[in-house]
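For reference, the structure discussed in these notes is given below.
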Amino acid sequence: MLNPVDVRARAAALGEHWSPRVVGSLDDCYVKVAKVQGELVWHSHDGQDELFFVLQGRLRLQLPDRTVELGPGELFVVPKGVQHLPVAEQECLLMLIERKDTAHTGDVQTALTRSLDDQLRTD
């Protein structure tokens, strides 16, 4: 990618919740943006860490042993193998950094699960 990316504007322009889009690539990782509201699903990524960075709004990450609350400008890395449930009471814009082989909802499949092909779409 040779041009700057306004991650907040790209996230805000998304038409559906919980449907991340790839906006950049860094070595073996994708940089993604997402618009979220409500809750996703309890899941984990056995071999990958997952970085959540809040661009706008608030995100709650429920973990087995605690809850992490994030506001604008804050980030949290969910370590590989840790079950987590992302929740946003109000609409929230996120930037995510994940390895390219990270499945959206780990081994759990729901109606909200998005394939990598979906995440690579440019619309």
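Only the coordinates and a few stated rules stand behind these numbers; no lab work does. Note that the structure is predicted; figures quoted are calculated from it, not measured. Backbone-built Cβ (ideal geometry, glycine too); neighbour counts: all protein chains shown.
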For segment 39-44, Karplus-derived ³J(HN,Hα) couplings (6.51, -1.76, 1.60; θ = phi - 60°; whole Hz; x for glycine and proline) come out as 10, 7, 6, 4, 7, 9
Are there GluC sites (Glu not before Pro) in segment 1-56 that DSSP marks as loop and that have at most 11 other Cβ atoms within 10 Å, and which are they? GLU16
What residues qualify as long-range amide H neighbours of CYS29, i.e. H under 5 Å apart, gap of 5 or more or another chain, H built at 1.01 Å from N? LYS100
Segment 83-111 and segment 1-57: distance between their alpha carbon centers, rounded to Å: 8 Å
List, in order, the whole-Hz ³J(HN,Hα) value for each residue of segment 105-118 obtained from phi through the Karplus relation with A = 6.51, B = -1.76, C = 1.60 and θ = phi - 60°; use x for Gly and Pro. 10, x, 8, 8, 10, 9, 5, 8, 5, 10, 6, 4, 4, 4
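Residue separation times 0.36 nm, minus the C-alpha to C-alpha distance between ARG121 and ASP49: what's the value?
Values: separation 72, 0.36 × 72 = 25.92 nm, distance 2.31 nm.
Result: 23.6 nm gained on full extension.
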Give the longest segment of the chain that steers clear of trypsin sites (Lys or Arg not before Pro) in DSSP loops with at most 16 neighbouring Cβ atoms within 10 Å, not counting the sites themselves. 1-57
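Between PHE76 and GLN109, what length comes free when the chain is fully extended (0.36 nm per residue of separation minus the Cα-Cα distance, one decimal in nm)?
On the way: separation 33, 0.36 × 33 = 11.88 nm, distance 2.37 nm.
Once the chain is fully extended between PHE76 and GLN109, it gains 9.5 nm.
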Between TRP42 and LYS100, take the C-beta separation as r, use R0 = 22 Å, and let me know the FRET efficiency to the nearest 0.05. 0.40
